[in-house]
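What follows is a set of notes on a single structure, which appears directly below.
The values are calculated or read from the model by the stated rules, or taken from the named source; none is laboratory data. Note that the structure is predicted; figures quoted are calculated from it, not measured. Cβ coordinates were reconstructed from backbone atoms using ideal geometry, including for glycine residues, and neighbour counts include every protein chain displayed.
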Amino acid sequence: MRTERDKAGRKIKVKQPDNKAALGFLAPWIIGLLGLTAGPLLYSLYLSFTKYNLLQPPEWTGLDNFERMLTDDRLHQALKVTFTYVIVSVPLQLLVALVLALALDRGMRFLPFYRSAFYLPSLLGGSVAIAVLWRLVFGADGLLNAILGWMGIESTQSWISNPDTALWTIVLLHVWTFGSPMVIFLAGLRQIPKSYYEAASTDGANAWWQFRHITLPLLTPIVFFNLVLAIINAFSNFTQAYVVSGGTGGPADSTLFYTLYLYQEGFGNFRMGYAAAMAWLLVLIIGAFTGLNFWLSKRWVHYDD
């Protein structure tokens, strides 16, 4: 209880708000934030300045791990592979998702079935089972070569064992998991008022003009949202590259994704300090891409206001 004065100048007692219940409900989240997120995050930052092999106490080495990155050829190859993967797979995935969302938005029959069927790859695409299936599809005796044989094109190569094609099989796997952005695009399309299209049709606008001047501008916030999430997910891809390449990043490091090389250094070579430094470099790269997207969004993302 605390004492205050009313408008007449009389002292009155005011009951203080009880925040104990709120703190009690927030306690599990706060404990999780400190123990499972903030604590390990800060500890990994400390490890990035140390030499640590998981068996002996960390040894402070300053900036040695970051200096080593400048001369690490495999790290440079991992960055090249990852950037190629992100730059190619993200636009293709969003394009496929948008095209299918536009098709589903036309009100076809059995829409719930198609929507669920198209969303299914997003649920399974990151699983080990699908990645193993992908090895079978693109193997020497896989489904792709069988289809080419039916078309009269004889091929006995293993697409995942060829340095020129191995990365593109993983790109195709990523594009195949278009379900999540497709559902978000479809939800955004359903929010565009039909009266805009009716007015445009009355004025003689064709379908392409309506898409370019009505659908696309009003859908830019959804495009931006999907773009940011897709870039983050692409940079963080690990399972597909690990299973398809057998954990080696081969052949000839053509599928050596950044996260895969980070895993090899940390848990394969027991250079946990160097792996922590690599993880923080990845955080900076993703942060830079995200910040750049937000900065550029002012020029092409259109909101209702």
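Answer yes or no as to whether GLN77 is of a type in the set (S, T, N, Q) and at pLDDT below 90. Spelling it out, it is not the case that GLN77 is of a type in the set (S, T, N, Q) and at pLDDT below 90.
Restricting attention to segment 255-264, the residues that are in contact with a Ser or Thr (Cβ under 8 Å, 6 or more places away or on another chain) and either assigned to a helix (DSSP H, G or I) or surrounded by fewer than 21 Cβ atoms within 10 Å (Cβ to Cβ) (or both) add up to 3. Evaluate the following for THR220: is it closer than 26 Å to GLY188 by Cα, polar (S, T, N, Q) and surrounded by fewer than 20 Cβ atoms within 10 Å (Cβ to Cβ)? Criteria met by THR220.
Per the conditions (1) under 20 Å from ILE232 (Cβ atoms); (2) small (Gly, Ala, Ser); (3) outside any helix (DSSP H, G or I), the sole criterion not satisfied by GLY152 is (1). Please verify whether segment 120-135 includes one or more residues that are at pLDDT 80 or above and part of a helix (DSSP H, G or I). No, segment 120-135 contains no residue that is at pLDDT 80 or above and part of a helix (DSSP H, G or I).
When ILE232 is tested against (1) farther than 19 Å from SER297 by Cβ; (2) surrounded by fewer than 21 Cβ atoms within 10 Å (Cβ to Cβ), just one condition goes unmet, and that condition is (1). State whether the residues of segment 51-70 include one that is buried (at least 19 other Cβ atoms within 10 Å of the Cβ), of a type outside the set (D, E, K, R) and under 29 Å from TRP168 (Cβ atoms). No: segment 51-70 contains no residue that is buried (at least 19 other Cβ atoms within 10 Å of the Cβ), of a type outside the set (D, E, K, R) and under 29 Å from TRP168 (Cβ atoms). Of all residues in segment 215-254, those satisfying the criterion of being in a loop (DSSP other than H, G, I, E, B), on the phi < 0 side of the Ramachandran plot and in contact with a Pro (Cβ under 9 Å, 6 or more places away or on another chain) are SER245, GLY250, PRO251, SER254. Of the numbered conditions (1) touching a Leu at 6+ places or on another chain (Cβ under 9 Å); (2) crowded, with 21+ Cβ neighbours inside 10 Å, PHE267 satisfies every one except a single condition; which is it? Unmet condition: (2). For segment 93-113, taking the residues that are part of a loop (DSSP other than H, G, I, E, B) and not small (Gly, Ala, Ser), the one that is farthest from LYS194 (Cα to Cα) is identified as PHE110. In segment 127-185, what residues are among the β-branched types (Val, Ile, Thr) and farther than 20 Å from ASP253 by Cβ? Matches in segment 127-185: VAL128, ILE130, VAL132, VAL137, ILE147, ILE153, THR156, VAL175, THR177, VAL183, ILE184.
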